[in-house]
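Beneath this line is the structure, given in structure tokens, with notes to follow.
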Ligand code: SF4
């Protein structure tokens, strides 16, 4: 089992005071992957937080104003910023970030992941960004916008993620059909 230490301890100084809610501190170690996993399975989030990395993720990077300060190369796809978010690609003219999902269903986790990307960029001083999730298998696109309501939902989730990953023991398994496709399936369900 490959083991990877997630990017913990990357603290984000939020430059946009409006983004800072009283109940949520201005620094966080939450990543885009954490957000996705949180909305899939809390146990999966916890296992990932412990460095159990069983899925390969690409870390190629992109160029751009913010990216120039934080990324590692000048590719025009797969924008890795601070090891916290990894955007599939950005349309610099329209200010739309794109996330491509090969899933055959539209999922809440996808939306919240892209909302986190927009939130993170806003905290770094990049305004006017919207998102779009592309589902090539469904031939469908979903627009994503960080409204006040969505922002509050996202920040509540971020606080809950911090709570979950600080727990000594993993959350209980969930018995869902997608467990069989989960990278942690053997870990959760073998020899039980
Ligand atoms: S196999 Fe199921 S219970 Fe285990 S981490 Fe994956 S989704 Fe969660």
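To keep it simple, each residue is scored yes or no on (1) within 12 Å of the ligand (Cβ to nearest atom); (2) more than 26 Å from residue 105 (Cα to Cα); (3) modelled with pLDDT of 95 or more.
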| position | (1), (2), (3) |
| --- | --- |
| 138 | no, no, no |
| 172 | yes, no, yes |
| 176 | yes, no, no |
| 187 | yes, no, no |
Restricting to the stretch 161-170, count the residues that are within 16 Å of the ligand (Cβ to nearest atom) and closer than 15 Å to residue 33 by Cα.
3
Checking residue 97 against (1) surrounded by 17 or more Cβ atoms within 10 Å (Cβ to Cβ); (2) assigned to a helix (DSSP H, G or I), which single condition isn't satisfied?
(2)
Enumeration of residues in the stretch 91-137 that are at positive phi and without any contact (Cβ under 8 Å) to a residue 60 or more places away in the chain:
95, 128
Between residues in the stretch 165-192 that are farther than 23 Å from residue 30 by Cα and in contact (Cβ under 8 Å) with a residue 40 or more places away in the chain and residues that are part of a loop (DSSP other than H, G, I, E, B) and near the ligand (Cβ under 8 Å from one of its atoms), which pairs lie under 7 Å by C-beta distance while being six or more apart or on different chains?
188/173
Residues being more than 13 Å from residue 36 (Cβ to Cβ), in contact with a strand residue (DSSP E or B) (Cβ under 7 Å, 6 or more places away or on another chain) and surrounded by 21 or more Cβ atoms within 10 Å (Cβ to Cβ): count how many of those fall in the stretch 100-128.
2
Return a yes/no flag: does the stretch 146-158 have any residue that is within 16 Å of the ligand (Cβ to nearest atom), part of a loop (DSSP other than H, G, I, E, B) and under 19 Å from the mean Cα position of the chain (by Cα).
no
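The values are calculated or read from the model by the stated rules, or taken from the named source; none is laboratory data. Quick caveat, the model's predicted, so the values are computed rather than measured. In this analysis, Cβ positions are derived from the backbone assuming ideal geometry, glycine residues included, and neighbour counts consider all displayed protein chains.
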